[in-house]
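S.K.: After the structure tokens below, expect a handful of questions from me.
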Amino acid sequence: MKTPIFLSRILSFSLVTLGSAALLSSASGQVLHEALVKKVETSMQQTPNFAVAGPKDKRWDPLEWLEIEVELDVDSKAPTKIIPEITATFYLALPNKSGNASGNVMLTDRITFVNIRAHSGKAYLIAYVNPDTLTRFTGEEKAKENDILSAGVEIEGAGLSIAKRDKMMGSTKAGAWWKEVTYPREQGMILTKGKTPFALLWFDRYPQTRDDR
């Protein structure tokens with residue numbers, strides 16, 4: 001009488017083990033892509049001036065936008081070599097001279113990029129900060145490169161390998177400083193390219209974002 005019970009327990013254990021292995025196999029099967037941060041760079045870009053027909057031209061003084069570009073090393077096992085989406089959380093440290101404030105401030109926003117091509121092994125993400133935002137915090141009429149304390153990014157996405165999690169983040173300097181500082185945080189000020197005057201430029205270099213499709 002004990003033998004059937006014993007066999008039943010072995011069978012149950014085997015089924016549980018096989019089920020767990022199947023789940024693990026299924027989960028690992030979802031890792032189709034890799035994206036690693038190679039470089040984060042900032043630069044100042046003057047507001048572009050486009051010639052258009054129709055409205056009367058107006059005189060204006062071009063201002064300086066902050067551009068944050070992230071270079072990625074990418075790979076995909078998908079037949080299309082397309083990574084469906086990568087969400088980048090941007091961090092920007094600025095001196096805070098607004099009002100009676102003192103010290104520094106951190107701007108942070110999440111942007112989801114879609115349909116990232118992995119054919120060449122390289123991909124680029126882009127974000128911008130409005131000149132008026134820069135003036136508000138830096139106190140400079142036209143902010144300059146050295147007014148920026150540091151810019152950083154962390155990336156994530158469905159199907160992305162996390163085997164090299166420490167390489168899925170990067171910054172212009174000071175490593176993952178956003179995890180250490182206690183600066184006041186401001187959101188909604190790091191913009192997608194589609195929400196800036198640069199929307200029509202370098203269209204094939206950067207993937208679209210979810211909000212701008």
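S.K.: Estimate the FRET efficiency between residue 38 and residue 185 by the formula 1/(1 + (r/R0)^6), using the beta-carbon distance for r and 22 Å for R0, to the nearest 0.05. Numbers along the way, then the final one.
M.R.: Working: r = 26 Å, r/R0 = 1.20.
Efficiency, from the Cβ-Cβ distance: 0.25.
S.K.: Oh, and also: Rounded to the nearest 5, what is the percent of antiparallel bridges among the DSSP beta bridges in the chain? Before the final figure, lay out the partial values.
M.R.: On the way: 47 of 50 bridges.
Rounded to the nearest five, the antiparallel share is 95 percent.
S.K.: While we're here: When ranked by the protection proxy of mean other Cβ atoms within 10 Å per residue, highest first, what sequence do the peptides 39-46, 129-136 form? Don't skip to the answer; put the middle values down first.
M.R.: Numbers: 39-46: 14.8, 129-136: 19.4.
Packing proxy ranking, top to bottom: 129-136, 39-46.
S.K.: Another question, then. Within region 105-213, which GluC sites (Glu not before Pro) sit in a loop by DSSP and count at most 13 neighbouring Cβ atoms inside 10 Å?
M.R.: On the way: sites: 140, 141, 145, 154, 156, 180, 186; in loops: 140, 141, 180.
Hits after loop and neighbour filter: 141, 180.
S.K.: Number of Lys-Lys pairs in region 65-213 under 22 Å by Cα, sequence gap 8 or more or different chains?
M.R.: For region 65-213, the number of qualifying lysine pairs is 21.
S.K.: Using only Cα atoms, tell me the angle between helix 2-29 and the longest principal axis of the chain; keep it within 0 to 90° and round to the nearest 10.
M.R.: Tilt relative to the chain: about 20 degrees.
S.K.: Whole-Hz ³J(HN,Hα) for each residue in region 168-177, computed from phi via Karplus 6.51 cos²θ - 1.76 cosθ + 1.60 with θ = phi - 60°, x for glycine and proline: what do you get?
M.R.: Rounded to whole hertz, the list is 9, 8, x, 7, 6, 6, 6, x, 7, 5.
S.K.: Let me ask something else about it. If I take R0 = 22 Å and measure r between the Cβ atoms of residue 80 and residue 164 in this structure, what FRET efficiency does the formula 1/(1 + (r/R0)^6) give, to the nearest 0.05?
M.R.: Values: r = 23 Å, r/R0 = 1.04.
With a Förster radius of 22 Å, E is 0.45.
S.K.: Using only C-alpha atoms and all pairs of different ones, pull out the Kirkwood radius for the chain in Å with one decimal.
M.R.: On the way: mean 1/r = 0.0501 Å⁻¹.
Radius from the Kirkwood sum: 20.0 Å.
S.K.: Here is a further query. Tell me the mean residue ellipticity at 222 nm calculated for the chain from its helices only (DSSP H runs of n ≥ 4, each -39500 (n - 2.57), averaged over every residue, nearest 500).
M.R.: Dividing the helical sum by the residues of the chain leaves -5500 deg cm²/dmol.
Bear in mind these aren't lab numbers, they're just calculated from the coordinates by the rules spelled out. Computed from a predicted model, the values in this text were never measured in an experiment. Positions of Cβ are backbone-derived with ideal geometry, glycine not excepted, and every protein chain shown enters the neighbour counts.
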